[in-house]
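Below is one structure; the comments refer to it alone.
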Amino acid sequence: MDVKDKVVVITGGAGGIGRAMAERFAASGARHIAVADRDAASALTVADAVGGSAHDVDVANEADIVRLVADVTRHVGPIDLFCSNAGVLPPDMDLSLAVSADDRAWALAWSVNVMAHVYAARAVLPAMIARGEGYLLNTVSAAGLLTMIGSAAYATTKHAAIGLAESLAIAHADDGIRVSVLCPQAVATPMAAGDVHFGADIDGILTPEAVADCVVEGLTAERFLILPHPKALDYLQRKTADYDGWLAGLSRFRRQFITQAAPSRFSRRRSVV
């Protein structure tokens, strides 16, 4: 897909990767960019900067997604690219117990990291299928392919998000629908601050702008996996080649980077982000 002259929706568009994508799509000639976020004021700032529209949206609420799609379609036109980008990262509250996050944290992770993608697909697919074309870009994470040390809820829901995107890609390829998943490792955003991402200390932390450049390149090639950190593919291949060895290696990684760094990098009283 070439985003030039396309109508694009971005959830979680008020900052981080979402903002960078909005700016990059605008530079590439997108016809209209709808910036959706719970932070309405920041969404408006981004929308004004890219000549788009701002929408106050809670992606955990399906009615908000339906309203967003209806508003953009009514006032601008058919949506060509829907970027389901919002996400949350609730930490394990007790680093000695992987399932220590409370039910509220797990429910929030499920609703934002998985069901928001479901809601977006439900809202846009009928019209896309009727036109015989459309694109879904779901921001997931390398955690969906590999794992996330320090947040079982994040790792679990991101794996689920990969499964959903695979189902969408398989079921709707003949309808002219294309699907990509954006799976970076560590990115310099507020959500990632202070957390341990697999590979962050090894492969570096990218800027949101660098990730947005990778997005445009991946959309142009219409690749399912968009991997701003190319090393993630090597890790995935190692994982599938020797799953037991992979788990053992990550257990050693956890001991090194969690046990030693926990006092300075995590707080057991952190609230859900």
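The values are calculated or read from the model by the stated rules, or taken from the named source; none is laboratory data. Note that this is a predicted model, so its numbers are computed, not measured. Note: ideal-geometry Cβ built from the backbone for every residue, glycine included; neighbour counts use all protein chains shown.
Remarks
- Close pairs (6 angstrom Cβ cut-off, 6 or more residues apart or separate chains): over 17 Å from Leu225 (Cα atoms) in segment 168-179, acidic (Asp, Glu) anywhere: Gly176/Glu133
- Single residue of segment 51-95 satisfying the filter (of a type in the set (D, E, K, R) and touching a helix residue (DSSP H, G or I) at 6+ places or on another chain (Cβ under 8 Å)) that is nearest to Ala142 (Cα to Cα): Asp92
- Looking only at segment 219-245, and only at residues there that are within 22 Å of Pro208 (Cα to Cα) and among the β-branched types (Val, Ile, Thr), the one that is surrounded by the most Cβ atoms within 10 Å (Cβ to Cβ): Ile226
- Taking (1) under 20 Å from Thr240 (Cα atoms); (2) among the aliphatic types (A, V, I, L, M); (3) crowded, with 20+ Cβ neighbours inside 10 Å in turn, Met128 satisfies each apart from (1).
- Filtered by the rule that a residue be at pLDDT 95 or above and β-branched (Val, Ile, Thr), segment 173-220 gives Ile177, Val179, Val181, Thr207, Val211, Val215, Val216, Thr220.
- Some residue of segment 44-51 being closer than 22 Å to Ala109 by Cα, assigned to a helix (DSSP H, G or I), of a type outside the set (S, T, N, Q) and over 19 Å from the mean Cα position of the chain (by Cα): no
- Residue within segment 74-90 that is charged (D, E, K, R), part of a helix (DSSP H, G or I) and within 26 Å of Val179 (Cβ to Cβ) present: yes
- Pairs where the first residue, in segment 227-238, is in a loop (DSSP other than H, G, I, E, B) and the second is surrounded by 14 or more Cβ atoms within 10 Å (Cβ to Cβ) and charged (D, E, K, R), C-beta under 9 Å, 6+ apart: Pro228/Asp213; His229/Asp203; Pro230/Asp203
- Within segment 26-33, the presence of at least one residue that is hydroxyl-bearing (Ser, Thr, Tyr) and touching a residue at least 40 places away in the same chain (Cβ under 8 Å) is confirmed.
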